[in-house]
Every structure is written in structure tokens, then in C-alpha cells.
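The values are calculated or read from the model by the stated rules, or taken from the named source; none is laboratory data. Just so we're clear, the structure is a prediction, and the values are computed from it rather than from any experiment. Neighbour counts run over all protein chains shown; Cβ positions are idealised from the backbone, glycine included.
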Amino acid sequence: MNDLLTALLGQAESNWGMDEAAIQDAMAKIAFHESKYGTPEYTPIQISDESSSGYGPGRGLYQYEIGEQKGAHTAINRLISFNKSKGNQYDISFLKSIVDDKSYDFSRLTPEEQKILFLADKLIDPTANMGRYDTDGDKVLSNEELAGFHADEHWAGYGGAENFIFDLIGGIGPTKPLNLLEMMERHAFMDKTSEDYQFYKP
Ligand SMILES: [Ca+2]
């Protein structure tokens, strides 16, 4: 396995108090929900009925959104920060092609490179701690537990709510109360994702 991916998984294991296999399983389920990755229906470019082109901004396994200061751009900057914190010891030159043309298009990267970006994105994000969602403490995320992480820390469906949830589950940080509509959206998203994960086949 790529050294950088190994390092990120190792840091995630220690920061989140979870086994690497459980983290990889959670990531695979998120990719399955987001893009049907691992099936013949894999859609590296988001299909959307809300745009005239028929495509949305999500790209790749985890459907990171393209555009300035959007999800993919943020994840790239977080990987650069992670590498800097490790004395720039890792080769992240694979980013060059998607940074130079400002496409930030993760569908042009390998699955391994996308896993690297996902982990760096969550590790540098102060609230995105997978282990906090393991509410029964068995070091594995059930589908319901993972759906909470997915909703709060990866889904772009509702804005700014993650800090409120972070507080609710015992973290620290600023609070921003969810309004009723956001709470309902979160609930509906979690129902849909946890149901979807059941169809994931490792
Ligand atoms: Ca659990």
C-alpha cells in the first residue's frame, strides 16, 4: 500500500480509536452510497436532475464537489497541510494535474489517491472524528452510526450543522442550532443512507 495512505490510516486509527479495517469498511460504504463505487453502476460524475446539463458538482468515489473553496478544493488543501505537518515527507505530486487546471476533479485520480484525500480531509477537519459516532463503543460503526458521520461530516446537504451535532455527542466547539427543517433533512438522509449501506457487498 502507498506509504501516505498507510500513514493516514494509522493516524486515523489513533485519533479516532478505531481499527483500520473498520475505517476502510466505513469509507467503502460511503463511496458505495455516494457513487455506487464497486458496482457496475459506478458514477464518477454526479448525475443530477437539478441542473440543465444533467450533471451535478460531485466527482469520484466520494463525490467531492468541484469549484473554488468547495469540498474537493478544501480536501486538497487539507492534504497539503497534513503533508506539511509531516515535514513534506510524502509525494503528493498527483495533485498537480487537478490543481494546475483548477478542476479539482477527483474522478481523474486513482481510488487510492481519493482515499488519501478523504482521510486527510477528515483528519484535518476538527469535527470529523469517526470514532465519536461509535456511540455503543464497539469500535465498529453500525450502519446507523455511520449514517450520522456521513450526514454531519461528509454530506453537503445542510450547512453549518456539524458543530451543533459535534457538541451534542460530547465534543467541543461552536454551536449552531439546527432548525426543524435541517433536523428533518438530516433524519431523512440518515434513513436513506443506512438503508443503502445494507446493499453494500465487500
Ligand atoms: Ca458501534
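Observations on the structure shown:
- One residue alone among 12, 75, 22 is within 15 Å of residue 112 (Cα to Cα) and either in a helix (DSSP H, G or I) or at pLDDT 95 or above (or both), and that residue is 75.
- Listed by first and then second residue, the pairs with beta-carbon distance under 8 Å, at least 6 apart or on different chains, first residue in region 123-141 and farther than 22 Å from residue 6 by Cβ, second near the ligand (Cβ under 7 Å from one of its atoms) and charged (D, E, K, R), are 133/145; 134/145; 135/145; 136/145.
- Test: residue 50 is surrounded by fewer than 21 Cβ atoms within 10 Å (Cβ to Cβ) and not in a helix (DSSP H, G or I): yes
- Number of residues in region 74-124 that are surrounded by 18 or more Cβ atoms within 10 Å (Cβ to Cβ) and among the small types (Gly, Ala, Ser) equals 3.
- Residue match in region 55-62 (condition: surrounded by fewer than 17 Cβ atoms within 10 Å (Cβ to Cβ) and over 22 Å from residue 189 (Cβ atoms)): no
- Residue match in region 119-128 (condition: within 21 Å of residue 56 (Cβ to Cβ), over 13 Å from the mean Cα position of the chain (by Cα) and part of a helix (DSSP H, G or I)): no
- Tally of residues being touching a Gly at 6+ places or on another chain (Cβ under 8 Å), among the acidic types (Asp, Glu) and within 17 Å of residue 197 (Cα to Cα) across region 1-45: 1
- For region 53-72, a residue qualifies if it is closer than 15 Å to residue 154 by Cβ and outside any strand (DSSP E or B), and the qualifying residues are 60, 61, 62, 63, 70, 71, 72.
- Residue 88 vs. criteria more than 15 Å from residue 18 (Cβ to Cβ) and within 16 Å of the ligand (Cβ to nearest atom): no
- Of all residues in region 136-146, none are touching a Leu at 6+ places or on another chain (Cβ under 9 Å), under 20 Å from residue 200 (Cα atoms) and in a helix (DSSP H, G or I).
- For region 134-158, a tally of residues being within 16 Å of the ligand (Cβ to nearest atom) and more than 14 Å from the chain's Cα centre (by Cα) returns 12.
- Among the residues of region 84-95, those identified as in a helix (DSSP H, G or I) and either touching a residue at least 12 places away in the same chain (Cβ under 8 Å) or aromatic (Phe, Trp, Tyr) (or both) are 94, 95.
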